[in-house]
Every structure is written in C-alpha cells, then in structure tokens.
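Encoded as structure tokens, here's the structure I'll be asking about.
The values are calculated or read from the model by the stated rules, or taken from the named source; none is laboratory data. Everything numeric here is computed off the predicted structure, so don't read it as measured data. When we count neighbours, we look across all protein chains shown, and the Cβ atoms used for this are built from the backbone with ideal geometry, even at glycine.
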Amino acid sequence: MEFINIIDYIGTFAFAISGIRLAAAKNFDWFGAYVVGFVTAVGGGTLRDLMLDVTPFWMEHVSYLVITGLALVFVLIFRKYVVRLDNTFFIFDAVGIALFTVVGVEKSIAAGFPMWVNVIMGTITGAAGGMFRDIFINEVPLIFRKDIYAMACLAGGFVYYLCIWAGLSVVATQVTAAVSVILIRVLSVHFHISLPALKSIDQTAGEAKQE
C-alpha cells in the first residue's frame, strides 16, 4: 500500500469521526450519525472527482464504507470522551482537512491538470466535506465563517509545491504539506486569527453611529 493511500484512509477515519461526533451532539440516531460521517469523509473527494470527470473514488472501493463504520464504532466505544470534549472535534477535523488536501492535490496531478487546478482541487477535497457535514446538521458551514478553514487548505496546496520545488521526497512533501495545514488551523484558532467579515452597508453605518 502506498503512503498516499494510508493518508487517504487516516483522513477518512478522522473526518468521519468529526462528522459523527457533531451528529451525536445533535442527538442523531446511529444511522443518521453514520450518514453524516460518511458524507463528511467522502463529500469533498466526490465533488473533486466529479469535477475531474472520473468515477468517485468510494464507488470503486468498499473500504470507505467500512472505515466510516469503524469510526462510528470508535465514537460509540469512546463517546464519553469524544462527544463531551469540545477539542476532539477540532482535532479530528484539522487532521481530516490536512490529509485530504494532500490527497486532492495528488489526485489532480495524476489526472494531468496544471498547478492552479491542483491547488484548488486540494482545497475542495479538504474543505467541502466539512461544508456538507455542517449543512446536514443545520449549521452555518465553517468554510463560510471567519475561521481560517479553506484558506488553510489553500496554503497547504502551495506548501506542497514549494516542497516539490525544494527537491523534497514525495513522502516528505506529503507530510510537510499536511502538517502545514494543521499548524495554520491550530494557530489561527489559538491566536483568534480570522478573515474580515464582509458586512452590509447598514451594519457598517450602525457601527459608525455607535462609535
């Protein structure tokens, strides 16, 4: 098994847990939680494959269904810790978007697309699954809030190419790009770094009057 496949499976497991964890917090039943976990895990990759005009990856390998099932079992066994602790969602989500960003870039490269498309495909693979998850549980997607979320994936894609240009090995490039996404996500949350919110004219005028 190639290292990129290991990354893909670990990312699937982590992202599925992030979805199942939030579904559990919303009191979904087991099946509903599984569906949310599965959509979270394969949503970004499915959108990527459709845009690349290839068969969605999970339709050719049952392993993704199995991994999501294992993620559900994991949450059920350790639900006391996974569901109650707020930072568990953040950890698994950060790992998921990081690993999937690398997978997305590499699959787009394999399909023969140029750099800018590859970086975008990495971002979609990393961030879209979380968007679908949030929609399913009736929350405003993180990707549309001020959080550094999709931007972390975008940065990870550029780091991937910087590593290539620097002559790093394939594995070193994959690891470095993934770690960069996690670091950007963690540091942005820890130091409350976010993008400016796009406010309406009325909101801006109201804040000016208050000042």
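If you go through the stretch 40-62 one residue at a time, how many are part of a helix (DSSP H, G or I), aliphatic (A, V, I, L, M), within 18 Å of Phe13 (Cα to Cα) and without any contact (Cβ under 8 Å) to a residue 40 or more places away in the chain?
Looking only at that region, the number is 1.
Still on this structure, please answer the following. Which of the residues that make up the stretch 93-118 are out of contact with any Gly (no Cβ under 8 Å at 6 or more places or on another chain) and of a type in the set (A, V, I, L, M, F, W, C)?
Result: Ala94, Ile109, Ala110, Ala111, Phe113, Met115, Trp116, Val117.
Return the total of residues in the stretch 99-112 being over 15 Å from Ala16 (Cβ atoms) and assigned to a helix (DSSP H, G or I).
So the count comes out to 9.
Being buried (at least 17 other Cβ atoms within 10 Å of the Cβ) and over 24 Å from Ile193 (Cα atoms) is the filter here; which residues of the stretch 92-112 pass it?
Within the stretch 92-112, Val103, Gly104, Val105, Glu106, Lys107, Ser108, Ile109 meet the criteria.
Conditions: (1) of a type in the set (Gly, Ala, Ser); (2) under 12 Å from the mean Cα position of the chain (by Cα); (3) at pLDDT below 95. Ala23 meets all but one. Number of the miss?
(2)
Condition first: surrounded by fewer than 20 Cβ atoms within 10 Å (Cβ to Cβ), touching a residue at least 40 places away in the same chain (Cβ under 8 Å) and assigned to a helix (DSSP H, G or I). Now tell me which residues in the stretch 143-181 satisfy that.
Met151, Tyr161, Val170, Val171, Val179, listed by residue number.
Looking at the structure I just gave you, is Gly69 touching a residue at least 40 places away in the same chain (Cβ under 8 Å), surrounded by 14 or more Cβ atoms within 10 Å (Cβ to Cβ) and not aliphatic (A, V, I, L, M)?
So Gly69 does not fit the description; no.
Please indicate, with yes or no, whether at least one residue in the stretch 142-162 is on the phi > 0 side of the Ramachandran plot, of a type outside the set (S, T, N, Q) and modelled with pLDDT of 95 or more.
no
Right, something else. Can you tell me which of Ile135, Ile124 is surrounded by fewer than 22 Cβ atoms within 10 Å (Cβ to Cβ) and of a type in the set (Val, Ile, Thr)?
Ile135
Report, by residue number, each residue of the stretch 184-195 that is part of a helix (DSSP H, G or I) and either more than 17 Å from Gly122 (Cα to Cα) or over 18 Å from the mean Cα position of the chain (by Cα) (or both).
Val186, Leu187, Ser188, Val189, His190
Specify which of the listed residues (Val35, Val42) is modelled with pLDDT of 95 or more and over 24 Å from Gly156 (Cβ atoms).
Matching residue, one of Val35, Val42: Val35.
In the stretch 113-131, is there at least one residue being more than 24 Å from Asn27 (Cα to Cα), assigned to a loop (DSSP other than H, G, I, E, B) and modelled with pLDDT of 95 or more?
Yes.
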